[in-house]
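Participant: Below are the structure tokens for one structure; questions will follow.
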Amino acid sequence: MISIFEQARQQLITAIGAALAQAMEAGTLPRAEIAPFVVEVPADTARGDFATNAAMVNAKALRQSPQKIAQAIVANLDLSGCYAERVETAGPGFINFFVKPQWFADIVSEIAQKGEQYGHTDYGHGQKVMVEYVSANPTGPMHMGNARGGALGDVLAEALAWSGHDTTREFYVNDAGNQIEKFGISLEARYIQHLRGEDAAVLPEDAYQGSDIIDHAVAFAAEYGEQYLNCDSRQRRDALIAYALPKNVAKLESDLARYRIHYDVWFRESTLHPDAIQRVLEVLRSRNAVYELDGALWYKATDFGGDKDEVLVRANGLPTYFAADIAYHYNKFAVRGFDKVINVWGADHHGHVARLKGAMDAIGLDGSKLDIVLMQLVRLMKDGEPYRMSKRSGKSISLSDLLEEVPLDAARFFFIMREAGSALDFDLSLAAEQSAKNPVFYVQYAHARICSMLKNLAAEGIAADGERYLTVSPAALLVLTAPEERALIRRLGQLPQEIINAACAYDPAGISSYITDVATLFHKFYTACRVKGEPEELLYPRLALCHATRTVLKNTLALLKITSPEVM
RNA sequence: GUCUCCGUAGCUCAGCUGGAUAGAGCACCGCCCUCCUAAGGCGGGGGUCGGGCGUUCAAAUCGCCCCGGGGACGCCA
């Protein structure tokens, strides 16, 4: 069941299409293919509740002026059964529509009826979608890029779920391969240094330099002493990895949980080694997509849109990250049967996008089912100065550090405010200092204001149980005619579509501007229209509107996983 | 060099599947609480939408070429 807002829009699309066909039938317009047109809310709603460019986009095909086409459409328009009741043409050929007052009343009723469910749709028809995000290396703490990817991926997954997709949230744990080996080497050096002094071991330049490595080594030494000092290096590294890796993964999980991110699946790369990887290599081999050179196994990326070939198995016999990633995505599609897979990656991985999609084609799967959201990296600033955030420097700001300094609600909102494709400057001092000025507070304030009103009125014995304003009839709601009331209702009606848009465009940023918009419109309504003290026939409809606004704010904040305070 | 993201008000950015006078927040100036939360509302100043050419009835939006800035181009992940 589509929303009341969308019903009005869809009715118009149908009616306009019919009117064009009718005009052609009658000979008023020449016969031609109808170009796609849009029906949308005009920037200035004084012009109309909806507007269409149908006449203008068809001017060329119909070889007539947009104004004439508009007139022909209007002359053949049948609005019976539509929310729209009045139409006029304007400007260069726009057709503007005005809806019946009933439309506004029905939207408020719809929200009251659906309550917490308002905003949910079955748009996706249960399509099986996976969102894989963060997937930070388990060799150290998460950085700001992970924090941004976490918020973006999580809200995207929510939007997909709300819009009727069967959504799986997944974290890919890179617990195998080169970086784990490097992790072991780093731990080993720190362990030996801890027991035998700085000069007893050399920490390679490309090793992990962070203090967390030292902490692990020290804790390991406290537990096992010198037991691993004289054994085989392989054995020592394995013991250190076996000790530290689970701790790191647990830390990732708890940090993310604190950030309100919970995954459905923690998928371990190690489960792909070696069988699943061998299997995809076989498939590629059978499809003639690989060759051997210099002792390594190469993938013919150039046959599948790549600009150069890629190594799958190194001369030393170890598979590359890329080989594992092909096996991983083969698993997502062929083994687990996802219809759509969305990966949220840092923009530094952009070279990997075409490669992986091409590899899906090469392996006989459909690369177009794989979508990558590339996120420009976060530049961490402090007092206007760039702040080093390299994992190696050892003094980086981690996700848990961030949450110490910035309110959680603000951090989540801040990260989704900007679309993924734009670089984000996150000024720590600013975010911490000006937290009260963060837009998230503006939105939460609107929610708290409504709660306060409802509470005050309840204290005076008005609608104490909420029944009266939750069940105001659509007919009684017709009194909501003030421009501020209408503007607010119009926007409230768009929540389901806003969520669908965010899900389809992979752009959670739209939701943050939507909710800010709703807050603004509520504050304007609040200033212009009183509730308390008005006669009952106006008081209750306005209370119903307040409550509907609260529902929209609360539901949208819930989607963003941001709290809805009742008092501020 | 190739690929990619970005360039819109003093600052941070929306708008970009083309549409009717280019928006918001912050900052600045001035108003509005005997009245439901002033963490709010109203008004004001402030713009060659980086530049040029092109497509179109219509370009901040699409295409091409420049200019300026970030990022990626490993038998790393």
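Each value in this text was obtained by applying a stated rule to the coordinates, not by laboratory testing. Nothing here was measured: the structure is a model prediction, and the numbers come from that model. Because the Cβ atoms are built from the backbone with ideal geometry, glycine has one as well, and the counts that use them run over all protein chains shown.
Participant: If we count every other residue with Cβ under 13 angstrom of A:Val472's Cβ, Lys/Arg +1 and Asp/Glu -1, where does the sum land? Before the final figure, lay out the partial values.
Facilitator: Numbers: positive: A:Arg468, A:Arg542; negative: A:Asp106, A:Glu110, A:Glu467, A:Glu536, A:Glu537.
Value of the local net charge: -3.
Participant: Sticking with this one: Mind grabbing the base-10 log of I(q)/I(0) for the range A:275-348 at q = 0.28 Å⁻¹? Debye formula, identical points on the C-alpha positions, no solvent, two decimal places.
Facilitator: Log10 of I(q)/I(0), two decimals: -1.34.
Participant: A:Ser452 to A:Glu181: FRET efficiency via 1/(1 + (r/R0)^6), r the Cβ-Cβ distance, R0 60 Å, to the nearest 0.05? Can you show the working numbers first?
Facilitator: Working: r = 58 Å, r/R0 = 0.97.
Efficiency for this residue pair is about 0.55.
Participant: Pairs A:Lys332/A:Lys554; A:Lys247/A:Lys340; A:Lys182/A:Lys251; A:Lys128/A:Lys357; A:Lys437/A:Lys561; A:Lys114/A:Lys561: which exceed 26 Å Cα-Cα?
Facilitator: A:Lys332/A:Lys554; A:Lys247/A:Lys340
Participant: Taking other Cβ within 10 Å of each residue's Cβ, how do A:Leu229, A:Leu495 sort, fewest first?
Facilitator: Arranged by neighbour count, lowest to highest, A:Leu229, A:Leu495 become A:Leu229, A:Leu495.
Participant: Contour minus end-to-end for A:Thr527 and A:Ala558, with contour as 0.36 nm per residue of separation and end-to-end as the Cα-Cα distance?
Facilitator: Details: separation 31, 0.36 × 31 = 11.16 nm, distance 2.61 nm.
Full extension of this stretch gives 8.5 nm more.
Participant: I would also like to ask the following. Need one number: nm distance between label points at A:Arg268 and A:Glu467, each 7 Å from Cα along Cα→Cβ, rounded to one decimal.
Facilitator: It is 5.7 nm.
Participant: Can you put A:Phe267, A:Phe183 in order, fewest other beta carbons within 10 Å first?
Facilitator: The most exposed by this proxy come first: A:Phe267, A:Phe183.
Participant: Same structure, new question: If you place +1 on the Cβ of every Lys and Arg, -1 on the Cβ of every Asp and Glu, and leave all else neutral, what size is the dipole of the range A:438-555 about its Cα centre, to the nearest 20 Debye?
Facilitator: Rounded to the nearest 20 debye, it is 180 debye.
Participant: Is the shape of the range A:169-303 rounded, prolate or oblate, going by the alpha carbon gyration tensor and its root eigenvalues a ≥ b ≥ c, with a/c under 1.5 for rounded and a/b larger than b/c for prolate? Intermediate results must be reported in sequence, preceding the final value.
Facilitator: On the way: a/c = 2.62, a/b = 1.49, b/c = 1.76.
Taking the square roots of the gyration eigenvalues as a ≥ b ≥ c, the range A:169-303 is oblate.
Participant: Please find the FRET efficiency linking A:Asp199 to A:Val335, where r is the Cβ-Cβ separation and R0 is fixed at 45 Å, and quote it to the nearest 0.05. All intermediate terms of the calculation are to be shown ahead of the outcome.
Facilitator: Working: r = 50 Å, r/R0 = 1.11.
My answer for the efficiency is 0.35.
Participant: Could I ask something else about it? What percent antiparallel are the DSSP beta bridges of chain A, to the nearest 5? Intermediate results must be reported in sequence, preceding the final value.
Facilitator: On the way: 21 of 45 bridges.
In chain A, approximately 45 percent of DSSP beta bridges are antiparallel ones.
Participant: Need one number: nm distance between label points at A:Asp294 and A:Asp366, each 7 Å from Cα along Cα→Cβ, rounded to one decimal.
Facilitator: Placing both labels 7 Å along Cα→Cβ, they lie 3.8 nm apart.
Participant: Still on this structure, please answer the following. Compute the signed sum of charges (Lys and Arg +1, Asp and Glu -1) over the other residues within less than 13 Å, Cβ to Cβ, of A:Ser400.
Facilitator: Net local charge, A:Ser400 excluded: -4.
Participant: Can you compute the helix-only [θ] at 222 nm over chain A? Use -39500 (n - 2.57) per DSSP H run of at least 4 residues, normalise by all residues, nearest 500 deg cm²/dmol.
Facilitator: Mean residue ellipticity at 222 nm (helix-derived): -16000 deg cm²/dmol.
Participant: Place a point 7 Å from the Cα of A:Cys231 along the Cα-to-Cβ direction; which residues of the range A:172-210 have their backbone N under 16 Å from it?
Facilitator: Output list for this probe position: A:184-185, A:187-189, A:191-192.
Participant: Follow-up question, since we're still on this one. How would you classify chain A from its alpha-carbon gyration tensor, with a ≥ b ≥ c the square roots of the eigenvalues: rounded for a/c under 1.5, else prolate if a/b is greater than b/c, otherwise oblate? Write down the numbers at each step before the final one.
Facilitator: Details: a/c = 2.93, a/b = 1.61, b/c = 1.82.
Because a/c hits 1.5 or more and a/b fails to exceed b/c, chain A counts as oblate.
Participant: Follow-up. Could you line up A:His120, A:His350, A:His447 from fewest to most neighbouring Cβ atoms inside 10 Å?
Facilitator: Starting with the residue having the fewest Cβ neighbours, the order is A:His350, A:His120, A:His447.
Participant: Quick one: length gained pulling A:Ala21 to A:Gln102 fully straight, 0.36 nm per residue minus the C-alpha distance? Walk me through the numbers before you get to the answer.
Facilitator: On the way: separation 81, 0.36 × 81 = 29.16 nm, distance 2.87 nm.
Residue separation times 0.36 nm, minus the Cα-Cα distance, leaves 26.3 nm.
Participant: Right, next: In chain A, which helices (entire DSSP H runs) extend 24 Å or more along their own long axis, judged by Cα positions, while averaging at least -1.0 on the Kyte-Doolittle scale? Numbers along the way, then the final one.
Facilitator: Details: long enough: A:4-25 (31 Å, 0.45); A:144-162 (27 Å, 0.47); A:178-196 (27 Å, -0.55); A:233-258 (37 Å, -0.57); A:439-459 (30 Å, 0.54); A:509-528 (29 Å, 0.54); A:536-560 (35 Å, 0.44).
Helices meeting the span and hydropathy rule in chain A are A:4-25, A:144-162, A:178-196, A:233-258, A:439-459, A:509-528, A:536-560.
Participant: First check a/c for the range A:424-495, with a ≥ b ≥ c the square roots of the eigenvalues of its C-alpha gyration tensor; if it is under 1.5, answer rounded, and if not, answer prolate when a/b is larger than b/c or oblate otherwise.
Facilitator: Oblate shape, in that a/c is at least 1.5 and b/c is the bigger or equal ratio.
Participant: What distance in nm lies between label points placed 7 Å from Cα along the C-beta direction at A:Lys437 and A:Gln10?
Facilitator: 4.5 nm
Participant: Kindly provide the trypsin sites (Lys or Arg not before Pro) of the range A:36-126 that DSSP labels as loop, not H, G, I, E or B, and whose Cβ sees at most 12 other Cβ atoms within 10 Å.
Facilitator: A:Arg63
Participant: Mind checking which lysines have their Cα closer than 23 Å to the Cα of A:Lys68? Skip sequence neighbours fewer than 8 apart in that chain.
Facilitator: A:Lys60
Participant: When ranked by the protection proxy of mean other Cβ atoms within 10 Å per residue, highest first, what sequence do the peptides A:306-316, A:245-255, A:151-161 form? Don't jump to the answer; show the numbers that get you there.
Facilitator: On the way: A:306-316: 14.9, A:245-255: 16.8, A:151-161: 26.2.
Packing order, densest peptide first, comes out as A:151-161, A:245-255, A:306-316.
Participant: So if we plug the beta-carbon distance of A:Thr481 and A:Ala61 into 1/(1 + (r/R0)^6) with R0 = 56 Å, what FRET efficiency do we get, rounded to 0.05?
Facilitator: Given R0 = 56 Å and the Cβ-Cβ separation, E is 0.90.
Participant: For A:Ala250 and A:Arg285 in one chain, what is 0.36 nm times their gap in residues minus the Cα-Cα distance, to one decimal in nm?
Facilitator: Length difference between fully extended and current span is 8.8 nm.
Participant: Check each of the trypsin sites (Lys or Arg not before Pro) in the range A:511-545 and keep only those in coil by DSSP with at most 14 other C-beta atoms within 10 angstrom; list them in order.
Facilitator: Those satisfying the criteria are A:Arg530, A:Lys532.
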